[in-house]
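Novice: After the structure tokens below, expect a handful of questions from me.
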Amino acid sequence: MNYDLLFELHKELQLEGRYIHLETILPILDKHKKNNRIEVIGSSVLNQPIHSYEFGNGPIKILMWSQMHGNESTTTKALFDLFNFLGSDNPTVARWKSAFTFLIIPMLNPDGAKMYTRENANEVDLNRDFINLSQPESRLLLRIFNEFKPHYCYNLHDQRSIFAAGRSNNPATVSFLAPSFDEARSINDVRSNAMLVIAAMNKELQKHIPGQVGRFDDGFNRNCAGDTFQQLGVPTILFEAGHFPNDYNREKTRKYIFISLFCSFEIHNENDIVSNNIDDYLNIPQNYIGFYDFVYRNVKINYDNSELITNFAAQFREELIEDQLVFNAYISSIGDLEGYFGHVEYDAKGAAYQDENSSFPKMNKKANFSLGKTNKFVNGLLKN
């Protein structure tokens, strides 16, 4: 299967970047209404419509949702790439149509998506609301779950650029989790089914991004949607779209989410879940907080009338300014930084730090500075 070609043929060109909100997807949803069941299934706190996309009439029922966290949009882009594929004349589509019924919510939190926040308009994290069910979006997802009665759930998210795949210098470009259903992190048939699908997806992804797949922490949290649905007896898979080198807009990562989705459906369709592969899931390296966006090493600073050699790091903050998403780098750590990597690293070789006010870096200050007389950095990047 040429996944790279499939992705390029069906990539939704109207969606790019990280700031994806309701106004962005509405015209594209309209395009898909001709051949698919697209409905408004509820509304948000601010009375914005929440849509579902339904495809197929087969016996395997899969419920998927994206942008439960409004600022996590990569998987939404991958879903629209998938929608384009499902609207094509590829022979696989006909097979899937008779094998599956997909019910997909591409944007569960339209208010958070517009504000580019993790939370909804009431400042509630919807993925921590499955005990209280205090929010209309959480109640909607549970209602759809109960009505649709899925055989599998796909919970689609983004994760920050801080994560490595294990204790390595490989970013966790895609991470997965088969959530726990109890405090003991037990493994029953339901959870093992999710693990086996993940193991098969990882096997394929290793051909594309070797060493860049991680396993998310499986601590039990009954407040979370995935843990809840796993506890209710439905195999649930958490997808986390992460960082690929030089891809802060996550246009590369969306491809690997698309490949993961496609691969998982082929596994279900061919009944190719290998029952002895749980160790293959458990051997996926666990996510490790090991990255900064920028690391500067061997920097001379003048602090308290003493010259020292140190290291410091900067991290992007995603800031919505006049409806434009801006990546602004701020100094986020100063010191040894042993065991940490930078997506971009710079060895100052003893050059002196200087910014407009100080001869040493300060936490939470914008990363605009010089190292030595000729190396000027703006927003974290060398500008020579």
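Novice: So, HIS208, is that one under 18 Å from TYR256 (Cα atoms) and either under 14 Å from the mean Cα position of the chain (by Cα) or without any contact (Cβ under 8 Å) to a residue 40 or more places away in the chain (or both) or not?
Specialist: no
Novice: Is there a residue being more than 24 Å from the chain's Cα centre (by Cα) and outside the structural domain of ALA194 (by TED's automatic domain parsing) anywhere in the stretch 312-327? Steps first, please.
Specialist: At the first step, the residues of the stretch 312-327 found to be more than 24 Å from the chain's Cα centre (by Cα) are 312, 322.
Still in the list and also outside the structural domain of ALA194 (by TED's automatic domain parsing): 312, 322.
Yes, the stretch 312-327 contains at least one residue that is more than 24 Å from the chain's Cα centre (by Cα) and outside the structural domain of ALA194 (by TED's automatic domain parsing).
Novice: Next question, about the same structure. Would you point out which residue out of ASN47, ASN90 is modelled with pLDDT of 95 or more, under 29 Å from GLU318 (Cα atoms), more than 24 Å from the chain's Cα centre (by Cα) and surrounded by fewer than 15 Cβ atoms within 10 Å (Cβ to Cβ)? Spell out the reasoning first.
Specialist: Values: ASN90 fails: under 29 Å from GLU318 (Cα atoms).
Only one candidate qualifies: ASN47.
Condition check ((1) over 30 Å from GLY342 (Cβ atoms); (2) not polar (S, T, N, Q)) across all residues:
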{"position": "GLU147", "(1), (2)": "yes, yes"}
{"position": "HIS151", "(1), (2)": "yes, yes"}
{"position": "LEU156", "(1), (2)": "no, yes"}
{"position": "PHE163", "(1), (2)": "no, yes"}
{"position": "ALA172", "(1), (2)": "no, yes"}
{"position": "PHE176", "(1), (2)": "no, yes"}
{"position": "SER180", "(1), (2)": "yes, no"}
{"position": "ALA184", "(1), (2)": "yes, yes"}
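Novice: Which of the residues belonging to the stretch 19-60 are over 27 Å from ALA94 (Cβ atoms), touching a strand residue (DSSP E or B) at 6+ places or on another chain (Cβ under 7 Å) and not small (Gly, Ala, Ser)?
Specialist: Once the filter is applied, which keeps residues that are over 27 Å from ALA94 (Cβ atoms), touching a strand residue (DSSP E or B) at 6+ places or on another chain (Cβ under 7 Å) and not small (Gly, Ala, Ser), the stretch 19-60 yields TYR19, VAL40, PRO49, ILE50.
Novice: Is one or more of the residues making up the stretch 363-370 of a type in the set (D, E, K, R), surrounded by fewer than 14 Cβ atoms within 10 Å (Cβ to Cβ) and either within 25 Å of ASP304 (Cβ to Cβ) or touching a residue at least 12 places away in the same chain (Cβ under 8 Å) (or both)?
Specialist: No: the stretch 363-370 contains no residue that is of a type in the set (D, E, K, R), surrounded by fewer than 14 Cβ atoms within 10 Å (Cβ to Cβ) and either within 25 Å of ASP304 (Cβ to Cβ) or touching a residue at least 12 places away in the same chain (Cβ under 8 Å) (or both).
Novice: When residues of the stretch 133-185 are filtered for being closer than 15 Å to ILE104 by Cβ and of a type in the set (A, V, I, L, M, F, W, C), how many remain?
Specialist: Residues that pass the stated criteria total 7.
Novice: Among the numbered criteria (1) over 20 Å from the mean Cα position of the chain (by Cα); (2) over 27 Å from GLY58 (Cβ atoms), which single criterion is violated by VAL190?
Specialist: (2)
Novice: So LEU282 clears everything in (1) in contact with a helix residue (DSSP H, G or I) (Cβ under 7 Å, 6 or more places away or on another chain); (2) at pLDDT 95 or above except one condition, right? Which one?
Specialist: Tallying (1) in contact with a helix residue (DSSP H, G or I) (Cβ under 7 Å, 6 or more places away or on another chain); (2) at pLDDT 95 or above, LEU282 fails exactly one: (1).
Novice: If I go through the stretch 309-339 residue by residue, how many of them are in a loop (DSSP other than H, G, I, E, B) and either charged (D, E, K, R) or buried (at least 19 other Cβ atoms within 10 Å of the Cβ) (or both)? Steps first, please.
Specialist: Residues of the stretch 309-339 in a loop (DSSP other than H, G, I, E, B): 322-323, 336-339.
The next check asks that each one be either charged (D, E, K, R) or buried (at least 19 other Cβ atoms within 10 Å of the Cβ) (or both); those that pass are 322-323, 336, 338.
Matching residues across the stretch 309-339 total 4.
Novice: For LEU6, which of the numbered conditions (1) at pLDDT 95 or above; (2) touching a strand residue (DSSP E or B) at 6+ places or on another chain (Cβ under 9 Å) fails to hold?
Specialist: (2) is the only condition that LEU6 fails.
Novice: As an exercise: evaluate ASP81 against (1) assigned to a loop (DSSP other than H, G, I, E, B); (2) surrounded by 19 or more Cβ atoms within 10 Å (Cβ to Cβ) and give the number of the one condition it does not meet.
Specialist: (1)
Novice: Answer yes or no: is there a residue in the stretch 174-185 that is closer than 26 Å to GLY56 by Cα and touching a helix residue (DSSP H, G or I) at 6+ places or on another chain (Cβ under 8 Å).
Specialist: For the stretch 174-185, residues closer than 26 Å to GLY56 by Cα and touching a helix residue (DSSP H, G or I) at 6+ places or on another chain (Cβ under 8 Å): present.
Novice: Select, from LEU26, LEU15, the only residue that is surrounded by 18 or more Cβ atoms within 10 Å (Cβ to Cβ) and either of a type in the set (A, V, I, L, M, F, W, C) or at pLDDT below 95 (or both).
Specialist: Matching residue, one of LEU26, LEU15: LEU15.
Novice: Among the listed residues ASN71, ASN84, ASN109, which satisfies the condition of being more than 18 Å from PHE239 (Cβ to Cβ), among the polar types (S, T, N, Q) and either in the same structural domain as LEU238 (by TED's automatic domain parsing) or touching a strand residue (DSSP E or B) at 6+ places or on another chain (Cβ under 9 Å) (or both)?
Specialist: Just one listed residue meets the conditions, ASN84.
Novice: From ILE41, ILE20, which residue is of a type in the set (A, V, I, L, M), assigned to a loop (DSSP other than H, G, I, E, B) and assigned by TED's automatic domain parsing to the domain that holds ARG160?
Specialist: It is ILE20.
Novice: Test of understanding: among GLU8, GLU12, which residue is acidic (Asp, Glu), in contact with a helix residue (DSSP H, G or I) (Cβ under 9 Å, 6 or more places away or on another chain) and not in a helix (DSSP H, G or I)? Talk me through it step by step, then tell me what you get.
Specialist: Numbers: GLU8 fails: not in a helix (DSSP H, G or I).
Step by step, each of GLU8, GLU12 is checked, and only GLU12 is acidic (Asp, Glu), in contact with a helix residue (DSSP H, G or I) (Cβ under 9 Å, 6 or more places away or on another chain) and not in a helix (DSSP H, G or I).
The values are calculated or read from the model by the stated rules, or taken from the named source; none is laboratory data. Quick caveat, the model's predicted, so the values are computed rather than measured. All Cβ positions, even for glycine, are placed from backbone atoms using ideal geometry, and neighbour counts span all protein chains on display.
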